[in-house]
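The values are calculated or read from the model by the stated rules, or taken from the named source; none is laboratory data. Values in this document were obtained by computation on a predicted structure and should not be read as measured data. In this analysis, Cβ positions are derived from the backbone assuming ideal geometry, glycine residues included, and neighbour counts consider all displayed protein chains.
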Amino acid sequence: MVLGAAALMCALVALAIREWRADDTAAASTQGAVAPGGWYDALASSRGAAGDAERTTCGLILTARSLGVTHPVLPCGAKILLRYGDETLFTEVIDNKLKRPGSQFELTEGMARRLGLDGVQRVEWRFATTANG
């Protein structure tokens, strides 16, 4: 069990270092990372309208125009692709504390609107990577 936890921690650190080294301008040419199971399934819902000067656990202040997702395990800033129906959007983790139980991802209101997501719905997600790696 300890070895498994250490391996998971190493994988998360490697992902964080890779994202830290990535050039921010590369976001325009983003594709899904190869994952053993391809896309992962998860339940997602909107986190609702942003409160007045609402601060996330990642240190961001949310507004009505904020786009991103809350996930209790993925690290702040993790880049992912989120797919619902015919829509696929590039986004990142902006919070780690879910507002209410019942889903693995909570989307900002703007993100939920762009995906056409209403209520709690099954979505697909995967880690994102740049086209060259």
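A few remarks follow.
- Flag for Val93 being within 18 Å of Asp118 (Cβ to Cβ), among the β-branched types (Val, Ile, Thr) and modelled with pLDDT of 95 or more: no
- Selection count where residues are among the hydrophobic types (A, V, I, L, M, F, W, C) and more than 12 Å from the chain's Cα centre (by Cα), scope segment 40-97: 9
- When the residues of segment 105-133 are filtered to those that are hydroxyl-bearing (Ser, Thr, Tyr) and over 19 Å from Gly51 (Cα atoms), the one that is modelled with the lowest pLDDT is Thr130.
- Within segment 115-126, the set of residues being closer than 16 Å to Glu87 by Cα and either out of contact with any strand residue (DSSP E or B) (no Cβ under 6 Å at 6 or more places or on another chain) or touching a residue at least 60 places away in the same chain (Cβ under 8 Å) (or both) comprises Gly116, Leu117, Asp118, Gln121, Arg122, Val123, Glu124, Trp125, Arg126.
- So Leu74, is it touching a Lys or Arg at 6+ places or on another chain (Cβ under 9 Å) and among the hydrophobic types (A, V, I, L, M, F, W, C): no
- Lone qualifier among Ala50, Ala42 - being assigned to a loop (DSSP other than H, G, I, E, B), touching a Ser or Thr at 6+ places or on another chain (Cβ under 8 Å) and not polar (S, T, N, Q): Ala50
- Within segment 42-52, one or more residues are modelled with pLDDT of 95 or more, among the aliphatic types (A, V, I, L, M) and surrounded by fewer than 19 Cβ atoms within 10 Å (Cβ to Cβ).
- Residues of segment 53-89 classified as surrounded by 15 or more Cβ atoms within 10 Å (Cβ to Cβ), closer than 15 Å to Tyr40 by Cα and either in contact with a Ser or Thr (Cβ under 9 Å, 6 or more places away or on another chain) or among the β-branched types (Val, Ile, Thr) (or both), total: 5
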